[in-house]
Amino acid sequence: MEPVTFVLFGATGDLAKRKIYPALYNLYIEQKLPPYFHVIGLGRREWTDDIFKSNVEQSIADFSRRKVKDPVLLKSFLNMFQYQTLDIGRQEDYERLLERIEKRENGLSLTPNRMFYLSVGPEFFAPIAANIKGSGLGSAAGWKRLLIEKPFGHDLASARELNQQLSEAFEEHEIFRIDHYLGKPTVQKLVDLHQQHPELQAMWSEREIANVQITANEIVGVEDRAGYYDHSGAVRDMFQNHMLQLLMMVAILPKKVTPEEVPLMKRALMKSLVPLDLQQVGERVIRGQYTAGSIQGKPVQGYTSEPNIAAESLNDTFIAAKLLMEDDYWSGVPFYIRTGKRLKEKSTRIVVEFKPHAADAGSGKPAPRLLVIEMSPQEGISLQFSPDQARHHEQLSPVQLDVHASGQELPEAYENLLHDALLGKPTFFAHWEEVELAWQWVEPVLQAFERNDVPLRTYAAGSYGPAESDALVANDGYHWWFDA
Ligand code: BG6
């Protein structure tokens with residue numbers, strides 16, 4: 001790999017501390033960083049290099065999956081870090097940054113590259129990109145790349161506007177939009193699952209899929225993010241991005257594509273999603289909000305009693321939806337998606353339910369077969385054959401297709417994603433067309449919620465969401481798998 005200067009905006013922030021420094025450290029230990037790798041942290045605070053380094057060190061101690069064993073190695077890691085105070089709106093600060101980067105690059109005989117990671121609020125994406133361009137920072141001798149993380153806009157129009165602004169400074173192939181769900185090890189496994197499991201090929205080719213269920217249940221509530229969350233809701237925070245990305249990744253499975261073809265296929269799948277008109281939103285989408293309840297024995301307050309949330313807030317903390325595709329493979333197969341806060345347990349999984357085989361019936365009713373792709377609480381992929389009544393893990397007999405050896409430490413999503421971005425591998429990033437198509441699909445839902453056309457259903461904290469979410473699936477003759 002060629003030399004890279006990693007320019008980190010928001011170096012004093014929470015994401016950097018919890019995710020980025022630990023990910024860089026683990027990549028360093030695994031020798032996955034380029035030999036000439038240099039981090040310039042930027043922030044408003046007047047930090048020295050030493051203060052910066054000790055903060056990075058602390059973040060590794062607190063959040064890295066690998067603990068520091070070798071102080072010499074840690075020291076050489078920290079030596080890659082420098083800090084500069086920067087006011088996002090001041091062009092001079094960018095020029096000073098450029099001088100500093102060029103000074104270092106001039107000493108290298110290899111072509112230097114620059115990666116800009118914007119770990120800052122989305123309102124700063126466009127001004128930073130413009131200043132990168134305006135100051136000359138964007139004219140790297142080698143490649144330049146931009147890493148950003150959601151929210152990519154607040155709706156279709158603002159997403160388009162943001163994309164337009166970014167595209168004035170970076171080409172699409174230079175923009176790496178992080179969706180951390182695409183960095184999860186099990187999600188990444190989906191791309192070559194077929195090659196490794198011919199038995200699955202056979203199952204897919206029968207075209208006998210009853211439905212697909214995508215669940216991301218969370219225990220946590222709004223936490224200290226009221227300002228952001230109350231204006232986003234589950235639909236913008238999880239559904240438009242993570243959930244639709246999971247939908248695309250699972251819908252790819254029978255398509256047998258190479259990693260390089262993934263972005264193109266995802267786009268095609270998004271295009272084939274049947275759009276909803278405003279009337280249909282009420283039939284296909286459930287909007288929910290948690291009320292007081294208890295989770296794992298602890299009492300929990302309702303959403304509107306949370307700090308900084310207005311008592312009359314109608315924000316959605318839960319969303320469930322039924323989606324259909326017009327696609328040569330998926331037509332007629334319902335995709336059910338649900339995600340919410342303050343639910344009974346943390347579970348993130350995709351269940352592909354195959355139609356029962358009469359041959360598997362034995363003495364009872366034919367048994368549905370399930371492909372279970374689980375990200376949380378454990379990562380793994382299994383085929384499960386169930387007696388008709390079984391709804392819970394313990395009643396099923398799983399055949400593990402991809403278990404991560406117990407005790408094996410899996411890389412964090414950010415490690416996978418930073419590594420891929422350094423290698424310039426776009427497979428597991430969100431591309432503009434996908435993002436735009438996702439906003440397009442979601443737009444009538446946003447409007448219907450805004451106009452209060454869709455009733456806000458309540459659910460007690462500690463439940464599996466509003467009863468209407470169960471009914472959405474039950475109306476088609478199915479049930480959500482694995483609800484206790
Ligand atoms: C984030 C959302 O993108 O994903 C959070 O903003 C949510 O609200 C989180 O809690 C869930 O991520 P994970 O990896 O814990 O499922």
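Can you tell which of Leu269, Leu200 is away from the ligand (no atom under 16 Å from the Cβ), buried (at least 21 other Cβ atoms within 10 Å of the Cβ) and among the hydrophobic types (A, V, I, L, M, F, W, C)?
Working: Leu200 fails: buried (at least 21 other Cβ atoms within 10 Å of the Cβ).
Going through Leu269, Leu200 in turn, just one is away from the ligand (no atom under 16 Å from the Cβ), buried (at least 21 other Cβ atoms within 10 Å of the Cβ) and among the hydrophobic types (A, V, I, L, M, F, W, C): Leu269.
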Arg177: passes all of (1) open to solvent by less than 10 Å² (accessible area, probe 1.4 Å); (2) within 16 Å of the ligand (Cβ to nearest atom); (3) assigned by the TED database to the domain that holds Ala367 but (3)
Looking for whichever is among the acidic types (Asp, Glu), open to solvent by 20 Å² or more (accessible area, probe 1.4 Å) and modelled with pLDDT of 95 or more here; the options are Asp327, Asp388, Asp420. Which one fits? Asp327
Those residues that are more than 29 Å from the chain's Cα centre (by Cα) and within 20 Å of Arg100 (Cα to Cα), I need them from the range 46-81; list them, please. Glu46, Trp47, Thr48, Asp49, Asp50, Ile51, Asn79
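For (1) closer than 30 Å to Leu343 by Cβ; (2) within 13 Å of the ligand (Cβ to nearest atom); (3) open to solvent by 10 Å² or more (accessible area, probe 1.4 Å), each residue gets a yes or a no:
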residue	(1), (2), (3)
Ser158	yes, no, yes
Gln195	no, no, yes
Val220	yes, yes, yes
Tyr229	yes, yes, no
Leu246	yes, yes, no
Tell me, yes or no, whether the range 200-211 has at least one residue that is modelled with pLDDT of 95 or more and under 22 Å from the mean Cα position of the chain (by Cα). no
Across the range 233-242, what is the total count of residues that are polar (S, T, N, Q) and either near the ligand (Cβ under 8 Å from one of its atoms) or without any contact (Cβ under 8 Å) to a residue 40 or more places away in the chain (or both)? 1
Return the total of residues in the range 181-216 being in contact with a strand residue (DSSP E or B) (Cβ under 9 Å, 6 or more places away or on another chain) and either polar (S, T, N, Q) or within 18 Å of Gln378 (Cβ to Cβ) (or both). 14
Filter result (surrounded by fewer than 20 Cβ atoms within 10 Å (Cβ to Cβ), more than 16 Å from the ligand (Cβ to nearest atom) and within 19 Å of His431 (Cβ to Cβ)) within the range 111-144: Ala126, Trp143
Residue hits (the range 4-38; part of a loop (DSSP other than H, G, I, E, B) and either open to solvent by less than 10 Å² (accessible area, probe 1.4 Å) or closer than 15 Å to Tyr117 by Cα (or both)) are Gly10, Ala11, Thr12, Gly13, Pro34
For the range 356-379: of the residues being modelled with pLDDT under 90 and part of a strand (DSSP E or B), which is farthest from the ligand (Cβ to nearest atom)? His357
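The values are calculated or read from the model by the stated rules, or taken from the named source; none is laboratory data. In this text the structure is predicted, and so the values were computed from the model without any measurement. Here Cβ is always computed from backbone atoms with ideal geometry, including for glycine, and neighbour counts include all displayed protein chains. The area values use the complete protein model at the heavy-atom level, side chains included, leaving out ligands, DNA and RNA. Shrake-Rupley method; radii C 1.70, N 1.55, O 1.52, S 1.80 Å.
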